[in-house]
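Values in this text are rule-based calculations from the coordinates and carry no lab data. Remember, it's a predicted structure, so these values are computed and weren't measured experimentally. Neighbour counts are summed over all protein chains in view; Cβ atoms, including those assigned to glycine, are modelled from backbone coordinates with ideal geometry.
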Amino acid sequence: MADPLILLVSGDRLDVLTAHFRRYEQEYAVRAAGSAAEATGVIAAAVDAGQPVAMVVSDSQLPDQPMLTAMHAWRTLVPTARRIVAIPIERFGSDTVALRPALQKGKFDTHLLLPQGLRDEEFHYAVVELLSDWGATVATSEIDTVRVITPDASPLALAVRDFLDRTGFPHRTYAPDSPQGAEALALHGDEPRFPLVHLTSRPFADRPIIAPSSVRGLAALIYGRPSDIEVDTVVDLAVVGAGPAGLAAAVYGASEGLNTVVIESDVIGGQAGTSSMIRNYLGFPRGISGMRLAQRARTQAIRFGVRFFTGWPVVELRPGKDGGPHTIVTDGGEVRAHTVLVASGVTYRRLGVAPLEDLVGAGVHYGAAMTAAREMEDRDVYVVGGGNSAGQAAVHLARFARSVTILVRRDDLAATMSKYLIDEIEWNPRITVRPCTEIVDGGAEETGQLGWLTLRDVRSGAEERVTAGGLFLLIGAAPHGDWLPDGVRRDEAGFVVTGRDVPQECWAGGLPPANLATCVPGVFAAGDIRSGSMKRVATASGEGASAVALVHAYLEGLRTGSH
């Protein structure tokens, strides 16, 4: 396959763009076009030839038509390409103001100042950031640190690939009769049970072939078990859950000298880790995917000494007595800790339509399912949910699917979704919102994949059967709190109550516990699992960081005997 295309478009500044993009020529096919019409021809030819288009970089003003008109045409041809507007310095002030409404609606990814001299690394930082995002979400990996060997797109194979995507492992999928498949089968030796996972890098030389029965088993084999912790070690802080709250607590706790362990049942990043692009998180003006945010936080935490154990859900928390350590129990071992942060988050509520529950992994997905999005090309896809996660999923799916329909029971999205996402959805020609609608039935086509849905208008009761190639469910939030003891009080919905919300019998001296403290001394809660939380990434991160101050105070009380 030809190298991915980077297309540069400008009338009178093409020499500047061409000079600055020479550094990419070894790995990309860099082409130049002097007009919108010429650029459209280049993109069309690339599409016809099957050449991937990674990026289009356009001058803010073109000689033959308005730049935004051209951008719309290019997006129609290649919706997966990243789009940059380069603005010359003499027009930067006026053009950024004029283009701001279009940027807010997602008509292009970012605007940058056209480089003024050599080594404009701020410019190239933005370019590489967008190319990296394109490579992670669209391109087929050129590296196969992990090879997935499978004859078909089974639910387990899809789940394994999604796990590898979310954990940042470069991987590719091969058929059993391919050379790579034959190599894996020869190493495996036994009767094959697909999918096989071939770990090709040196750190996994002692266990190169895995035939996982679940994603959790694969995670445990790759990352290790909680039983790897020394039995006589009592850590300062054990964090249950590696979403934004847990990761923030890990970073701040370990950076301040706390011996910190994080236990995650699934994939580091939690529910936020499935978001294709978070655009309103402080400090990331071009947005950041949930996976990348989680992996950066994990790397940051490991730098400070945090130990992560992935793939083992906590089944029990045994509170310590009289200031003694708490015990976290998993099927893979126990962890003892002076303090525990409950940051296990939430999961999406089940739809409850039996025929569709049977198709989970076969066209029906809970959450954004980033890997499955790439397989929605030329399909009509439905997203159920009105929150930011649903909006982000719809925008990402629209890069691949023929159409994306968001189904909500409310009259509109205004009460549940951020304005920037609503604006982007309203502009995107591939996305429609269908209000006051619920799903009541569905079924498979002959291939066993999802084929149709029955939708019902909640006002009139009228039903309609529609063709559906994919269904992504991002509805509500059910807390992960079944493993908590009765002493950690929860509200009627199962969310952990903290601070002034705990029952007064838990108050000491007429005063409530601290804001993030539970009824059990030394046990705190943060993020989506906490009753009354805002269910936003930034809020969860803030709560996780804030909990560390309470941990310090509690540990100081243990040392001084004041607890």
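Descriptive notes on the structure:
- Residue 100/residue 64 FRET efficiency (R0 25 Å; Cβ-Cβ; nearest 0.05): 0.55
- Extension gain for residue 402-residue 27 works out to 132.0 nm (0.36 nm per residue, less the C-alpha to C-alpha distance).
- Sum of side-chain charges, residue 65 neighbourhood, beta-carbon under 13 Å (Lys, Arg +1; Asp, Glu -1): -3
- Percent of Cα-Cα distances greater than 23 Å, calculated over the range 5-137: 24 percent
- Electrostatic bookkeeping for residue 448 treats Lys and Arg as +1 and Asp and Glu as -1; over the other residues with beta carbon under 14 Å from its beta carbon, the sum is -4.
- The calculated 222 nm mean residue ellipticity attributable to helices in the chain amounts to -9500 deg cm²/dmol, summing -39500 (n - 2.57) over DSSP H runs of n ≥ 4 and dividing by all residues.
- Per-pair calculated FRET efficiency, R0 = 30 Å: residue 296 and residue 559 via Cβ, rounded to 0.05: 0.35
- Each Lys or Arg adds one and each Asp or Glu subtracts one; over the other residues with Cβ under 11 Å from the Cβ of residue 552, this totals -2.
- Using a 4.7 Å Cβ-Cβ cutoff, the cysteines of the chain lacking any partner cysteine are 436.
- Amide H contacts under 5 Å for residue 316, placed H, 5+ residues apart: 329
- Here the spin labels are modelled as points 7 Å beyond Cα on the Cα-Cβ line, and at residue 321 and residue 478 they lie 3.5 nm apart.
- Each Cα pair under 8 Å and six or more residues apart adds its sequence gap; the mean of these over the residue count of the range 417-563 is a relative contact order of 11 percent.
- Within the straight-line cut-off of under 18 Å between alpha carbons, the lysines reachable from residue 535 are 419, sequence neighbours fewer than 8 places apart in one chain being disregarded.
- Phi angles across the range 549-559 convert, under the Karplus curve 6.51 cos²θ - 1.76 cosθ + 1.60 with θ = phi - 60°, into 3J(HN,Hα) values of 4, 5, 4, 4, 4, 5, 5, 5, x, 5, 5 Hz, Gly and Pro given as x.
- The convex hull around the C-alpha trace of the range 146-222, projected and averaged over every direction, spans 4.6 square nanometres.
- Shown is the FRET efficiency for residue 414 and residue 452, computed with R0 = 22 Å from the Cβ-Cβ distance and rounded to the nearest 0.05: 0.15.
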